[in-house]
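The values are calculated or read from the model by the stated rules, or taken from the named source; none is laboratory data. Only a predicted model underlies this, so the values are computations on that prediction, with no experimental measurement involved. Don't worry about glycine lacking a Cβ; one is built from the backbone with ideal geometry, like all the others, and counts go over all protein chains shown. Just the protein is used for accessible areas: all its heavy atoms, side chains included, with ligands, DNA and RNA removed. Shrake-Rupley method; radii C 1.70, N 1.55, O 1.52, S 1.80 Å.
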Amino acid sequence: MAVDDLFSGRGSADRPDPMPALRRWLWLSGLLVVLGPCCCTSPLGGAVSIFVWMRAGDEMARADAGVGAPTLGAAAKRVRGVAFALMTFSTFSLCAQAFLWPWTEPVLIDVLAWLVGLLEYAA
């Protein structure tokens, strides 16, 4: 429990449920991590998942302290587990991209050259 929680003047019942916002951030992180190999958003997705992981840990600590709904701790634990999995997948994806770059770079350049040629032919 933080100092702000002690002196805010609000009870635990007045506090809004933080899980919907954390789930939205988790979906955004998942989308960025999945799109990472295609458009280089994997590090950003990993950073967002670290943010979600930390916030879910705060909510687990609040639930252990008895602040909030009784189901908050279990929901925060599930969100934290998924966020950790996304961080792990983001790391492995970035390592695979770095390892496979010498083989994928010529293919990407050929595909881009073909698309530019197609656009020039159409114009």
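When N is the residue count of region 31-96, what does its C-alpha Rg come to as a fraction of 2.2 N^0.38 Å?
Scaled against compact globular proteins, the figure is 1.27.
Per-residue accessible area for Thr91 at 1.4 Å probe radius, Å² rounded to 10?
80 Å²
Suppose only helical runs count, i.e. DSSP H with n ≥ 4. What mean residue ellipticity at 222 nm does that imply for the chain under -39500 (n - 2.57) per run, divided by all residues and rounded to the nearest 500 deg cm²/dmol?
Calculated at 222 nm, the ellipticity per residue is -27500 deg cm²/dmol.
Considering the chain as a Gaussian network with a 10 Å cut-off on Cα pairs, which listed residue, Asp64, Asp110, Asp17, attains the greatest mean-square fluctuation?
Asp110
Computed FRET efficiency, Cβ-Cβ of Ile50 and Val111, R0 25 Å: what is it to the nearest 0.05?
Working from the Cβ atoms, E equals 0.15.
DSSP H helices in the chain with Cα extent of 30 Å or more along the helix axis and mean Kyte-Doolittle hydropathy at least 0.5?
Details: long enough: 42-64 (32 Å, 0.25); 72-122 (59 Å, 1.03).
Result, helices passing both filters: 72-122.
How large are Rg and Dmax for the chain when calculated on the C-alpha trace, in angstrom?
21.1, 68
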